[in-house]
1. Pop out the Kirkwood hydrodynamic radius of segment 140-231 from its pairwise C-alpha distances, inverse of mean 1/r, in Å to one decimal.
2. Please state, to two decimals, what the Cα-based radius of gyration of segment 57-241 comes to when divided by 2.2 N^0.38 Å (N = residues).
3. Cross-link candidates for residue 68: which aspartates and glutamates have Cα within less than 19 Å, leaving aside residues fewer than 8 places away along the same chain?
4. If you build a Gaussian network model of the chain, linking Cα atoms that sit under 10 Å apart, which residue out of 63, 253, 104 swings the most?
5. Longest span of the chain, sites excluded, free of chymotrypsin sites (Phe, Trp or Tyr not before Pro) in DSSP loop with at most 13 other C-beta atoms within 10 Å?
6. Could you derive backbone 3J(HN,Hα) for segment 227-234 from the dihedral phi with the Karplus parameters 6.51, -1.76 and 1.60 (θ = phi - 60°), listing whole Hz in sequence and x where the residue is Gly or Pro?
7. Calculate the length of the line joining the C-alpha centroid of segment 197-229 to that of segment 31-52, in whole Å.
8. What Kirkwood Rh does segment 217-279 have if only Cα atoms enter the pairwise 1/r average? Answer in Å.
Amino acid sequence: MNNGRKSRFLFTATCFGIAFLYVPMILLIFYSFNKSRIVPVWGGFSTKWYGVLFESEEVWEAIALSLKIATVNASFAMILGTLAGLALVRFGRFKGRTLFSGMISAPLVMPEVITGLSLLLLFITLKEFVGWPDQRGFTTITIAHITFSMAYVAVIIQSRLTGMAQDLEEAAQDLGAKPLRVLIDITLPLLAPGMLAGWLLAFTLSLDDLIIASFVTGPGAVTLPILIYSRIRLGLRPDINALATIIILVVAIGVLVAAWVMFRQQKQRELELSMSEEA
């Protein structure tokens with residue numbers, strides 16, 4: 001009886017949790033096909049707001065800028081975060097390690113408002129003393145995003161290295177391979193899944209950031225989150241719902257493709273394992 005009640009409670013709680021997450025998204029998708037300009041008032045089914053959205057040059061410029069920033073940020077964050085993770089795990093107890101570890105972890109716990117304000121003051125000070133940057137935009141946003149994204153990548157690489165055996169690396173060194181060759185031929189290939197996960201996480205964090213970008217951007221450099229937020233402040237419009245619906249669709253397709261790839265890989269591993277056992 002107790003097990004039955006516990007099962008019903010867990011099932012009910014799960015249903016409420018799923019509904020809390022996905023019902024707002026379903027309503028958003030539903031109202032993106034609203035003919036009326038007033039979002040909460042249903043005026044009939046229409047796809048005209050998707051046409052308005054695709055004709056908006058401002059939206060496409062914001063999307064292009066956000067994707068460009070996210071790609072550059074993810075690439076540099078992956079490189080710097082990987083180097084930081086390697087230094088913390090493979091270099092032992094070097095001088096200043098505690099300070100270095102604290103500086104890497106600081107962006108993870110620092111409020112985004114403080115991070116954005118401090119970076120804004122940094123760029124203002126640099127402009128006064130060295131004349132750079134001339135204006136805030138793509139470069140300043142990218143540097144700001146790299147600052148906090150590399151911390152997440154470093155954590156992923158640390159956890160990957162901590163759980164990774166060093167047998168192959170030690171064997172290569174015993175056979176005369178130099179440290180750089182061991183790093184390129186053995187360590188980095190083994191770290192590839194973690195580096196890919198870090199790249200994707202940094203890309204997502206950059207694409208989603210609003211607070212820090214709003215501090216370090218300038219006129220003419222509007223990212224997609226800033227554009228959406230500015231339009232919502234002027235009042236909800238159905239074209240914003242259409243944009244959000246497209247984003248949800250793209251994310252859903254990405255998740256399904258990733259799940260399918262993982263399922264195929266799992267089936268392949270099971271098939272190889274069964275064939276090896278039969279052999």
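Taken together, the values in this text are just the output of simple stated rules run on the coordinates, not laboratory data. From a predicted model like this one, the values you see are computed outputs, not experimental measurements. Cβ: placed from backbone, ideal geometry, glycine included. Neighbour counts: every protein chain shown.
1. Details: mean 1/r = 0.0642 Å⁻¹.
This gives a value of 15.6 Å.
2. With N residues counted in segment 57-241, Rg over 2.2 N^0.38 Å equals 1.22.
3. Within the straight-line limit of under 19 Å, residue 68 reaches these aspartates and glutamates: 57, 58, 208, 209.
4. Fluctuation is largest for 253.
5. 95-279
6. 4, 4, 5, 5, 6, 5, 4, 8
7. One Cα centre to the other: 28 Å.
8. Value: 15.5 Å, from the Cα pair sum.
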